[in-house]
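The values are calculated or read from the model by the stated rules, or taken from the named source; none is laboratory data. Treat the numbers as computed from the prediction; the structure is a model and nothing was measured. Don't worry about glycine lacking a Cβ; one is built from the backbone with ideal geometry, like all the others, and counts go over all protein chains shown. These area figures cover heavy atoms from the full protein model, side chains too; ligands, DNA and RNA do not enter into them. Shrake-Rupley method; radii C 1.70, N 1.55, O 1.52, S 1.80 Å.
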Amino acid sequence: MLSYIENGKLFKVGGDSSHGFTQGHLCAKGYSYSQYVDNSLRLKYPMKQSKRGSGDWERISWDQAFEIIANKILELNHRYQSNLAIGYNKFFGNTGVLHFAVEGMFRSFGPHTKVIGDLCAGSGFQAIDDAMGAFIRQNPEEMVHSKVIIVWGANPAVTNIHQMKYVFKAIKKGKLIVIDPIFTETAAKADTYIQIKPGTDALLALGLGKIIAARGFKPDHQQLKLQDWEEFRDFLEHQVDLQFVSKMTGVAVEVMYLLADLCSEKPIAFWLGIGLQKNRQGYDSVRSILSLLAIINGLTTTTIGTGLFFANIIQDVPNQLENLNVQKHPHIPHSRAVSSANFVHDALALKDPPLKMLWVASRNPIYTDHHLSEWKQLIDQLELIVTVDLFLTETAQISDIVLPAASHFEEEDLHTSFWHSWLMLNQKALPQFFESKSDLQITRELTKKLNDLSPGFSEFPYERDALDWIENEMTDSVKATYQIEGYQDLFDGPRLRKKTDKNYQFFNFMKVEELSRIFSGVAIREAVDAKRYPFQLLTPAVLMNIHSQFRDISWLNREEKTPIIEMNESDAKQLQLVSGSQVEIYNSNGAEVVTIESNPQVQRNTIILIHASDQKLNNLIGEYPPRENDETSSFVNDCFVDIRRVGRWDHS
């Protein structure tokens, strides 16, 4: 991204042609940043709320804010003889490594309460780790060489528009297949679209595995050290009933055979999206698709355009802030971990001591998390809530102290990506917005204040500035991987990760007990949940915002204030529901008023939420405790509701 500055103001942003993946283009949200940075709603100063949730805010100085926060940290430490009563809830922000200053600060206090996991792709990463030990990422530009691209549970025409140019080039000579419960913008561009019932992806993958294995396909024993292949093959042959798979998935047996034919063509790319992981079957879905890939020898990373394409995690750079040494405690060996997907439920269960202070950064959990009724309990329990943000979000509104965060135009940082393989330097383009500060600057100043009040309390090296930390990331390995001498080389533009010839060394097929759980689990869930509430609520991503972000940008903001749901025409007709009217969707967790639109492309017993600016639909999502082998996913698609009328109706 290139910043264009005039008289100290950002008047335009553009793509950087030296970036080999994006090739000089941004998405709509990227182009809107000129409105984002100077937005009148941005937080300008630290603020203190007289009574939580009252809206009675008082501007305070940074020193006052640090004094309040530091005194509470020290008081809780004295009261409980540890720092376990303080914790944080944050995510990756804009993937800049210096945002991990928050984690580094808490580690410098000693054992504390930390959040773990990945709300989006946790199930997938866990499945990959269990199956192969690691994910060997491929450069997504190589998808241009694929003869067949299977996009499973993703909608890149909305969520990854840069990748679509490589997809379009590939399908000029090949085929694009989309498997998704929703007829998405990507599905509309596909050669073949397969509409699957939500949460049944594992069954379809195993059904395809049965067909392909019966044709004599088998994993290459020279490529992979295989575990449990014979038992897996026998289960497919004797236990997988294609008619049952068809009934549960909604995919005809004939279509499965057609898809199996396509899977025999090479090079073949499997793109696994976030959507298929947003339910309790997510782990099983990814494991089953990986097994299908292994059978068709599609796990190789040496054949260009073949294999698994999935989200990346921050790697290669040592990420020294996140991995800062934890200050030792004489009696407590390590910090307490709370699942990001089930944060509030796990946090409320903490005892000896309970959680008493919460630091929120790079997240808006009161908007995006589920089981919000439990959040109200946690809020009542907490003695201090500190939120660091650019805007007065829903979470900031219930906080005691709000600290104004810098945007990425106002700080230096080092960036990797959740998708591509380029390393980028983020240069500071603007002075700070009023009194805003970066996460790193906030943690530096707060830890200094703590040590002024209680010498030696924090081991955080607060004397280091942003460029010091970026320099520390430039290990010999990083320099070799990105073929640079130091971070200064990145001033000339991003650098592509050197391609590795490393391949997967082993593959663990799913055990019989895991396979049996898949077939029984889907049937049980459908029989129980669907009887209570007949409609499954799905909330796909949209083009113009990311959850609660970018809502206040006039270029992007929709006019609708009431959320819109789309449902099948036959379902609407059966319930005598009129398009354009308001209805109430409800379950045991709550109820929300929405506007209804009928859509023949939505499958029966499913409703699709189209995001709106004041969406509060997460009130409907209850508690879904993580499974033993799936500890990090957010199961927001495991939400079943019913529909009832509200107000007056015109049946003309």
From the Cα gyration tensor of region 152-200, with a ≥ b ≥ c the square roots of its eigenvalues, which class applies: rounded if a/c is under 1.5, or else prolate if a/b is larger than b/c, or else oblate? oblate
Could you pull the accessible area for residue 251 with a 1.4 Å probe, rounded to 10 Å²? 0
Of the DSSP beta bridges with both residues in region 527-609, give the percent that are antiparallel, rounding to the nearest 5. 60
Here the alpha-carbon Rg of the chain over 2.2 N^0.38 Å rounds to 0.98
Could you check what % of the DSSP bridge pairs in the chain are antiparallel, to the nearest 5? 45
With a ≥ b ≥ c the root eigenvalues of the C-alpha gyration tensor of region 28-173, is it rounded (a/c under 1.5), prolate (a/b larger than b/c) or oblate? oblate
Pseudo-spin-label distance residue 531 to residue 516, built 7 Å along Cα→Cβ, given in nm, is 2.3
Give, rounded to the nearest 20 debye, the magnitude of the charge dipole that region 429-549 has about its Cα centre when Lys and Arg contribute +1 at Cβ and Asp and Glu contribute -1 at Cβ. 780
Top to bottom by accessible area (1.4 Å), largest first, where do 578, 253, 641 land? 578, 253, 641
Rounded to the nearest 20 debye, what is the charge dipole size of region 459-526 about its Cα centre when +1 sits on each Lys and Arg Cβ and -1 on each Asp and Glu Cβ? 680
Report, in debye and to the nearest 20, how large the dipole of region 243-354 comes out about its Cα centre when Lys and Arg carry +1 and Asp and Glu carry -1 on their Cβ. 320
Would you work out the Kirkwood radius for region 1-73? I mean one over the mean of 1/r across all pairs of different Cα atoms, in Å. 15.6
Are there any helices in the chain, counted as whole DSSP H runs, that stretch 18 Å or more along their axis by Cα and score at least 1.0 on average by Kyte-Doolittle, and if so which? 201-214, 282-295
Taking the mean number of other Cβ atoms within 10 Å as a proxy for protection, how do you rank 234-246, 297-309 from highest to lowest? 297-309, 234-246
Accessible area per residue, 1.4 Å probe, Å², for the chain: what's the number? 41
When only the heavy atoms of the protein chains count and the probe is 1.4 Å, how do 168, 232 rank by accessible area, highest first? 168, 232
Test of understanding: what is the full-extension gain from residue 479 to residue 94, defined as 0.36 nm times their sequence separation minus their Cα-Cα distance? 136.3 nm
Run the numbers for residue 17 and residue 71: contour at 0.36 nm per residue of separation, minus the present Cα-Cα distance, in nm. 14.6 nm
How many percent of the accessible area of the chain is carbon or sulfur, using a 1.4 Å probe? 49
What distance in nm lies between label points placed 7 Å from Cα along the C-beta direction at residue 234 and residue 172? 5.1
Computed accessible area, residue 261, all protein chains, 1.4 angstrom probe, square angstrom: 70
Could you calculate the contour length gain from residue 40 to residue 427, that is, 0.36 nm times the residue separation minus the distance between their Cα atoms, to one decimal place in nm? 136.9 nm
Could you order the peptides 541-549, 122-130 from most to least packed, using the average number of other C-beta atoms within 10 Å per residue? 122-130, 541-549
Residue 27 accessible area, assembled protein chains, probe 1.4 Å, Å²: 40
With only alpha-carbon pairs counted, each pair once and no self-pairs, how large is the Kirkwood hydrodynamic radius of region 266-349 in angstroms? 16.8
Going from most exposed to least, what order do 63, 352 have by accessible area with a 1.4 Å probe? 352, 63
How would region 258-397 be classified by its alpha-carbon gyration tensor: rounded, prolate or oblate, with rounded meaning a/c under 1.5 and the a/b versus b/c comparison settling the rest? prolate
Per-peptide average of other Cβ atoms within 10 Å, ordering 392-404, 330-342 highest first: 392-404, 330-342
Just to be sure I understand the model, the point goes 7 Å from the Cα along the line to the Cβ. What's the resulting residue 257 to residue 303 distance in nm? 2.5
